[in-house]
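S.K.: The structure's right below; bear with me while I get my questions together.
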């Protein structure tokens, strides 16, 4: 699954480090790492609705401004999609709870992560909703 | 007892402002005691507290010098009240005079404090201010003006016009700046100039010299400085009989001259270094890196074959304890007393109370607790907003209170207490409470609630925290602009905290804020369970016991003749159940009586004890029963939240019973 992350939402990308699993792991979070002296929660992709990313061995962690770490298998590069490339998700797509839309570029479909929706979803998962 | 401890500290040499703060605190304590005793029907106790309150009042107004003999007399007075209170608890009758044994020294003190001519000195008329503004100065403020002018300190007035959105913060900056330059005496609200928006204030302060550049005004802020009273205008006769500053043994400063302006009162010989916070943060980051190096060295040592006589491990142990000491010292540098938050609230409440014509009895509790400076910085604004709301919406005007049979003065009690890893603040008023019917109607009107459904009081209280929600039809300068409560919630939640509202119609409201302390040094018992390491705060550990027979969740164990239920830590945390455990920890509430809730917590292995630097978990990573974590050589040690674990253990045990 290829994803798009807005650089405006990113704090930085750091090399992957061992994740300390949380006892009684809360849904959506696989554990924490120490980042700049504080604990940073690391997303469990597999807990997101409609997500096909399986737990693996990430090479990097994208640290969002809202202090959430997204484990990444690889980084492809940066791009500036033209306005016409954006598309809404199909109504009822379970991924609309954490994606803002898709971007069609050169025959490839990229999914744009919406950090606000993602964090709101994680809160709802915690509350069991 | 706390008052006696404060008095004891006053025997040590301390800066004048510290003594002044202590005396103010003691004045408030005796005032509260007096009121409570009167309310509970102990008039003689109330009279005795009133007499001590008067002495503290004379001290805070500078009319009595704090000497050892005075402090000892007051200590004896507080002890007499303490022992009187113990007798009352035992149902004994009140004595006629609790302070009978002290009648002579107290009488001497009261006589000493009387002005020589039989009248009270008041030099506030020297202030170049309109008469109606002078009238608004409290007796205490008038006394400070008098004392400071007599001691040769000029009194200045600083007028500022501040933006609505940031006036709290800016007013604090001005107040602190003036406090540093001398003494801030009063903050008075003023009419905003016709051509300006915002809120205008007059800050009355005594300091040797004052210039606009001293005040760090922001661009666009209207600031004016005027000399309100020149000490050279103080009659010569008064200048000769200088009343001493409390606890200041040095002679009063000379009247200022152009050549050599007097210095403000100096603190003791303690050098205060002001450092940018980033330097401390950089040091912490560096320390963390050193810690990581230590971890790497430790790992290498474990992997190295035949690492010999254990000396390298011992050296690493010494590095570990040294690092922890430095971390503790750095942590201490970041901490600030809750009192500093309270000290910002007091002048604001006084000013708003005067502005709104609502007399308020303001009490604080828990000012000695500490929280992190950066937390205080982010937390202050939402907190001040809530206090403003309590004054503006919660407390009724005096006439309305009188009609309901309440005292004309409203009560506002602000307290702080530590609960687990959280610092909990309560803002309690005895006002009208939330108008739940109106909130419900407004909620339906805004489409946030459905008509015809039953909405719980909790839901309705919480609705006021929704963005844009306000039942206020008029917009005041204080609150009710439809923004604020949601911002408060957002800010508190961003800190990982919680806000809880409750109220009772015509009885009052309670706003409870909990914010987690992000770091603390905690003494822990280290245990292992399910191949993970956990720390249990030692204050909650009653006993540690090993047993020969394997124990299972739901068993009963005998601890010093008391039978306690046992639950495994794994079951509490939702981890796979162990096949049997041979050690347990008796977990209870700190300082609680033996009959309070105790549980035997089964663990796989007891590792020992130690101090750990606790870091709190971000909200998204909160896990039930876990207070936070600490980076250790072999990974993260999870520090348990004992209260939560007690609850989880009881739930788990109940489920076992239900399954049987």
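S.K.: Mind checking which residues of region A:42-60 are within 14 Å of chain B (Cβ to nearest Cβ) and either out of contact with any strand residue (DSSP E or B) (no Cβ under 9 Å at 6 or more places or on another chain) or in contact (Cβ under 8 Å) with a residue 40 or more places away in the chain (or both)?
M.R.: A:43, A:47, A:48
S.K.: Exactly one condition in (1) within 14 Å of another protein chain (Cβ to nearest Cβ); (2) in contact with a helix residue (DSSP H, G or I) (Cβ under 7 Å, 6 or more places away or on another chain); (3) crowded, with 17+ Cβ neighbours inside 10 Å is not met by residue B:644; state its number.
M.R.: (2)
The rows are residues; the columns are (1) without any contact (Cβ under 8 Å) to a residue 60 or more places away in the chain; (2) on the phi < 0 side of the Ramachandran plot.
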position	(1), (2)
B:127	no, yes
B:134	yes, yes
B:142	yes, yes
B:152	no, no
B:156	no, yes
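S.K.: Now for a different question. Of the residues that sit in region A:96-116 and are at negative phi and out of contact with any strand residue (DSSP E or B) (no Cβ under 7 Å at 6 or more places or on another chain), which one is nearest to the other protein chains (Cβ to nearest Cβ)?
M.R.: My answer is A:116.
S.K.: Report, by residue number, each residue of region B:295-314 that is within 14 Å of chain A (Cβ to nearest Cβ) and either modelled with pLDDT of 75 or more or surrounded by 12 or more Cβ atoms within 10 Å (Cβ to Cβ) (or both).
M.R.: Passing the criteria: B:295, B:299.
S.K.: Can you tell me which residue within region A:1-22, out of those that are at the interface with chain B (Cβ under 9 Å from one of its Cβ atoms) and at pLDDT 90 or above, is surrounded by the most Cβ atoms within 10 Å (Cβ to Cβ)?
M.R.: A:22
S.K.: Residue check, residue B:258 against (1) buried (at least 16 other Cβ atoms within 10 Å of the Cβ); (2) at pLDDT below 60, all met but one. Which one?
M.R.: Failed condition: (1).
S.K.: If you don't mind, there's one more thing I want to ask. Quick check on residue B:200: is it touching a strand residue (DSSP E or B) at 6+ places or on another chain (Cβ under 6 Å), surrounded by fewer than 19 Cβ atoms within 10 Å (Cβ to Cβ) and not in a loop (DSSP other than H, G, I, E, B)?
M.R.: Judged against the criteria, residue B:200 is a match.
S.K.: Another question, then. Of B:547, B:515, B:522, which residue is farther than 30 Å from residue B:386 by Cβ and either touching a residue at least 12 places away in the same chain (Cβ under 8 Å) or within 14 Å of another protein chain (Cβ to nearest Cβ) (or both)?
M.R.: Matching residue, one of B:547, B:515, B:522: B:547.
S.K.: Which of the residues that make up region B:152-176 are out of contact with any helix residue (DSSP H, G or I) (no Cβ under 8 Å at 6 or more places or on another chain) and over 30 Å from residue B:382 (Cβ atoms)?
M.R.: B:156, B:157, listed by residue number.
S.K.: Scan region A:23-41 residue by residue and report those that are in contact with a helix residue (DSSP H, G or I) (Cβ under 9 Å, 6 or more places away or on another chain), surrounded by 16 or more Cβ atoms within 10 Å (Cβ to Cβ) and more than 9 Å from chain B (Cβ to nearest Cβ).
M.R.: A:30
S.K.: Here is a follow-up. Looking at region A:52-66, which of its residues are under 11 Å from the mean Cα position of the chain (by Cα) and modelled with pLDDT of 90 or more?
M.R.: A:61, A:62, A:63, A:64
S.K.: While we're looking at this one, here's another question. If residue B:591 satisfies every condition in (1) more than 11 Å from chain A (Cβ to nearest Cβ); (2) modelled with pLDDT of 95 or more but one, which is the exception?
M.R.: Of (1) more than 11 Å from chain A (Cβ to nearest Cβ); (2) modelled with pLDDT of 95 or more, only one is false for residue B:591: (2).
S.K.: Another question, then. Which residues, counting only those in region B:315-335, are modelled with pLDDT of 75 or more and loosely packed, with under 11 Cβ neighbours inside 10 Å?
M.R.: B:318, B:329
S.K.: Right, something else. For residue B:608, indicate whether it is within 14 Å of chain A (Cβ to nearest Cβ) and on the phi > 0 side of the Ramachandran plot.
M.R.: no
S.K.: Out of region A:71-129, which residues are assigned to a helix (DSSP H, G or I) and over 18 Å from the mean Cα position of the chain (by Cα)?
M.R.: A:83, A:84, A:85 - these are the residues of region A:71-129 that are assigned to a helix (DSSP H, G or I) and over 18 Å from the mean Cα position of the chain (by Cα).
S.K.: Step by step: first the residues of region B:616-639, then only those that are farther than 18 Å from residue A:25 by Cα and in a strand (DSSP E or B), then the one that is farthest from the other protein chains (Cβ to nearest Cβ). Which residue is that?
M.R.: Of everything passing the filter in region B:616-639, B:632 is farthest from the other protein chains (Cβ to nearest Cβ).
S.K.: Scanning for something modelled with pLDDT under 80 and on the phi > 0 side of the Ramachandran plot, does region B:233-241 turn up at least one residue?
M.R.: For region B:233-241, residues modelled with pLDDT under 80 and on the phi > 0 side of the Ramachandran plot: absent.
S.K.: All but one of (1) touching a strand residue (DSSP E or B) at 6+ places or on another chain (Cβ under 6 Å); (2) surrounded by fewer than 22 Cβ atoms within 10 Å (Cβ to Cβ) hold for residue B:554; state the number of the condition that does not hold.
M.R.: (1)
S.K.: Go through region B:142-166 and report how many residues are surrounded by 19 or more Cβ atoms within 10 Å (Cβ to Cβ) and in contact with a strand residue (DSSP E or B) (Cβ under 8 Å, 6 or more places away or on another chain).
M.R.: The number of residues fulfilling the criteria is 13.
S.K.: While we're here: Looking at B:525, B:587, which one is in the same structural domain as residue B:643 (by TED's automatic domain parsing), closer than 17 Å to residue B:630 by Cβ and within 37 Å of the chain's Cα centre (by Cα)?
M.R.: Checking each option against the conditions leaves just B:525.
S.K.: Sticking with this structure for a sec: How many residues does region B:489-512 contain that are out of contact with any strand residue (DSSP E or B) (no Cβ under 6 Å at 6 or more places or on another chain), away from chain A (no Cβ under 14 Å) and surrounded by fewer than 16 Cβ atoms within 10 Å (Cβ to Cβ)?
M.R.: Qualifying residue count for the region: 4.
The values are calculated or read from the model by the stated rules, or taken from the named source; none is laboratory data. Just so we're clear, the structure is a prediction, and the values are computed from it rather than from any experiment. Ideal geometry is used to build each Cβ from the backbone, glycine not excepted, and the neighbour counts take in all protein chains shown.
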